[in-house]
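Notes to accompany the following structure.
The values are calculated or read from the model by the stated rules, or taken from the named source; none is laboratory data. As the structure is a computational prediction, the values presented were derived from the model and not from experiment. Ideal geometry is used to build each Cβ from the backbone, glycine not excepted, and the neighbour counts take in all protein chains shown.
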Amino acid sequence: MTQPKRPRARSAAARPQLPPLEAAETVSLRHEVNPAIALNLLGEIQQSVIRYQQELRQLVKQIRSVYAEGPVINGWLESSKPQPAARQSEAALFRHADADDLMNYLQQLESSPDLSLAADTGYQLCMIDQSGQIQSRPCPAEQVPAVSVAIARYQQIHQVVTRKQQLEQQLARLIEALTQLKEQPR
């Protein structure tokens, strides 16, 4: 019977010389918490809060700047054609007239001077009141550009205020989380 081959024993000269390792030191390094990680995280949180604070200041400046430019209107413009009594009677004429009346009406239109559609168009400034109802009032054509700019200012402020509220919510969540962490038993 042949015996299984045994691995040859290496000589002491062939083995590398490594410094002795203490088992207790290796185990403790694996289970220790690295305080540098906590400090790095706190530094990153601090930088985030500083960025939030700077952005909030900029947003407040933008809001003040837009208010300083002029009036702000939360509403919209609608165009409308006024319906004077003559126009209402024309509508009745079309519904109930005979052919001779319609022909007379068409001859009057041909002989009358051209009226532009722009002169017939009126504008309404519409808004939603406190109760959620739509309110409207006439807006003269000469005021339409100024009212349009005021409406655009409102839209701009609305976007900035929305971003400001998002930042404030993020800061509130961060403060709440840090407060809970601080209050945990030590």
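Candidates R153, R137: the one that is modelled with pLDDT of 90 or more and in contact with a helix residue (DSSP H, G or I) (Cβ under 8 Å, 6 or more places away or on another chain) is R153. In summary, helices (runs of 4 or more DSSP H) completely within the stretch 1-116 and bearing 2 or more residues that are modelled with pLDDT under 80 occur at 23-31, 85-96, 99-111.
Please verify whether the stretch 159-173 includes one or more residues that are surrounded by 12 or more Cβ atoms within 10 Å (Cβ to Cβ), touching a Cys at 6+ places or on another chain (Cβ under 7 Å) and within 22 Å of W76 (Cβ to Cβ). No: the stretch 159-173 contains no residue that is surrounded by 12 or more Cβ atoms within 10 Å (Cβ to Cβ), touching a Cys at 6+ places or on another chain (Cβ under 7 Å) and within 22 Å of W76 (Cβ to Cβ). Looking at the stretch 127-149, which of the residues that are closer than 12 Å to S80 by Cα and hydrophobic (A, V, I, L, M, F, W, C) is surrounded by the fewest Cβ atoms within 10 Å (Cβ to Cβ)? Among residues in the stretch 127-149 that are closer than 12 Å to S80 by Cα and hydrophobic (A, V, I, L, M, F, W, C), the one surrounded by the fewest Cβ atoms within 10 Å (Cβ to Cβ) is A141. For the stretch 164-181, a tally of residues being touching a residue at least 40 places away in the same chain (Cβ under 8 Å) and more than 18 Å from the chain's Cα centre (by Cα) returns 2. Filtered by the rule that a residue be more than 24 Å from the chain's Cα centre (by Cα) and not hydroxyl-bearing (S, T, Y), the stretch 120-135 gives D120, G122, Q124, L125, Q133, I134, Q135.
Give Q159, Q180 a once-over and let me know the one that is assigned to a helix (DSSP H, G or I) and modelled with pLDDT under 95. If you could, list the steps in order and put the result at the bottom.
Values: Q159 fails: modelled with pLDDT under 95.
Step by step, each of Q159, Q180 is checked, and only Q180 is assigned to a helix (DSSP H, G or I) and modelled with pLDDT under 95.
Contact map, the stretch 123-151: first residue acidic (D, E), second residue modelled with pLDDT under 95 and surrounded by 12 or more Cβ atoms within 10 Å (Cβ to Cβ), Cβ cut-off under 6 Å, separation 6 or more or different chains; pairs are D129/Q135.
I need the full set of residues from the stretch 148-182 which are among the basic types (K, R) and within 17 Å of G70 (Cα to Cα), in order please. Lay out the reasoning, then the answer.
The initial filter retains those residues of the stretch 148-182 that are among the basic types (K, R), namely 153, 163-164, 173, 182.
Across the stretch 148-182, the qualifying residue is only R153.
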